[in-house]
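The values are calculated or read from the model by the stated rules, or taken from the named source; none is laboratory data. A quick note: this is a predicted structure, and the numbers were derived from the prediction, not measured. Here Cβ is always computed from backbone atoms with ideal geometry, including for glycine, and neighbour counts include all displayed protein chains. Just the protein is used for accessible areas: all its heavy atoms, side chains included, with ligands, DNA and RNA removed. Shrake-Rupley method; radii C 1.70, N 1.55, O 1.52, S 1.80 Å.
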Amino acid sequence: MTTFFFYGTLRYRPMLELLSGGTNGASCREAVLPGHRVLRSVEGDLPILIEDGTTSAKGTAWTLSQDAQERLDAYELPFGYTRRPVTVLAEGQPVDAQAYFPPGSLEASGEDWSYEGWLRHSLPLPMRRAAEIATNEPPLGGEALQVQGSMIDHRAAASLRARGMPTRLRHRAGPEDFELRRAGPPAGTFFRFEGLEIDHRRFNGERATGLSREVMVGADAALVLPYDEARDRVLLVEQFRTGPARRGDPQPWILEPVAGLVDAGETPKEAALREAKEEAHLDLGSLIPMFTGYASPGNATDHFFAYLALCDLPDDHATSGGLEAEHEDLRLHLLPFEEAMGLVESGEANAVPLISMLLWLDRWRAKRR
């Protein structure tokens, strides 16, 4: 058994329960660590423990099992945290404990981190993240968690963005109209593949129960179609795609809009502007929302935010783009709008997001002429 001093997000018991595998009836004691202070990080609402002889850091003390320690080590250590011995005061009595100290790469602001403020403003995302980590069996090892951490954040943020759209025509669902039960631990290291059992209301008022389904749990994406209105031309991106290749398509290089995943902590619009810079060398000032929607609602969570970008696309614009660090190999094409529409008619443009965006632009363009 090991006694831990938690000064940050693990003070929140539901999160500790998820990430430790359970506290197994252990009791929690309020505690302080003399000579230390918890500051807010510069980059976000993260707690950073520093030495400060003028004050004490508030937290909680828990005595947990060896299995809990291994799970917490796997969660903290891969990201540069170190577990060190400390002496805390729990209910006024000195107690030997272990605390996770942050890596030096985290820059602290001069502002105290507020546990209460974190609960009010930042809790949902880390709780969604912790909930996914807790579903893995066996538990994610340190290296695996480090590799998968970014996509776990993507999925957590996507689930928080999910909101109901209008239901003027379709059935307006209530909380009892459907239920999802995970049939086993998810698989996959980038996207996740989950088996589910589903109950849902039928249109005749009866209930379908125990339906076996699988779903690919992806992330939200921002899509941008650059359009030069004066020259009446668009920019398209060409790249190799695994999906068509796996299907057996002998031509797996696909024409698409500029596109990329929406990072945790940014808006879809911010992601669209970033991707336009990274993929197409475009510094955009504004975007026109086109539509949002699910790419393949029968088997995937992927949700797209599509934008039109009015911009300058001269003849000497770059012909390649993408980030080498992300293994992107992109060719950029400048095409007259009518030629792009011809690719839809011929079938050479065969990515549905691009087809949808070109058709949207066709209608928008007609209203401007």
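A quick yes/no check of all residues on (1) at negative phi; (2) not in a loop (DSSP other than H, G, I, E, B):
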| site | (1), (2) |
| --- | --- |
| 164 | yes, no |
| 196 | yes, yes |
| 205 | no, no |
| 222 | yes, yes |
| 226 | yes, yes |
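In this structure, is residue 105 touching a strand residue (DSSP E or B) at 6+ places or on another chain (Cβ under 8 Å), loosely packed, with under 14 Cβ neighbours inside 10 Å, touching a residue at least 24 places away in the same chain (Cβ under 8 Å) and not aliphatic (A, V, I, L, M)? When the stated conditions are applied, residue 105 does not pass them. All but one of (1) in a loop (DSSP other than H, G, I, E, B); (2) open to solvent by 70 Å² or more (accessible area, probe 1.4 Å) hold for residue 317, so report the exception by its number. Condition not satisfied by residue 317: (2). Scanning the stretch 250-288 for residues that are under 19 Å from the mean Cα position of the chain (by Cα) and part of a loop (DSSP other than H, G, I, E, B) yields a count of 6. Counting only residues that are assigned to a helix (DSSP H, G or I), touching a strand residue (DSSP E or B) at 6+ places or on another chain (Cβ under 9 Å) and closer than 19 Å to residue 253 by Cα, which one in the stretch 327-341 is most open to solvent (accessible area, probe 1.4 Å)? Filtering the stretch 327-341 for residues that are assigned to a helix (DSSP H, G or I), touching a strand residue (DSSP E or B) at 6+ places or on another chain (Cβ under 9 Å) and closer than 19 Å to residue 253 by Cα, the one most open to solvent (accessible area, probe 1.4 Å) comes out as 339. Might you let me know whether the stretch 133-141 holds any residue that is acidic (Asp, Glu), open to solvent by 40 Å² or more (accessible area, probe 1.4 Å) and modelled with pLDDT of 90 or more? No, because not a single residue in the stretch 133-141 is acidic (Asp, Glu), open to solvent by 40 Å² or more (accessible area, probe 1.4 Å) and modelled with pLDDT of 90 or more. The single condition among (1) under 25 Å from residue 231 (Cβ atoms); (2) of a type outside the set (A, V, I, L, M, F, W, C); (3) free of Cβ contacts under 8 Å to residues at least 12 places away in the same chain that residue 324 does not satisfy is (1).
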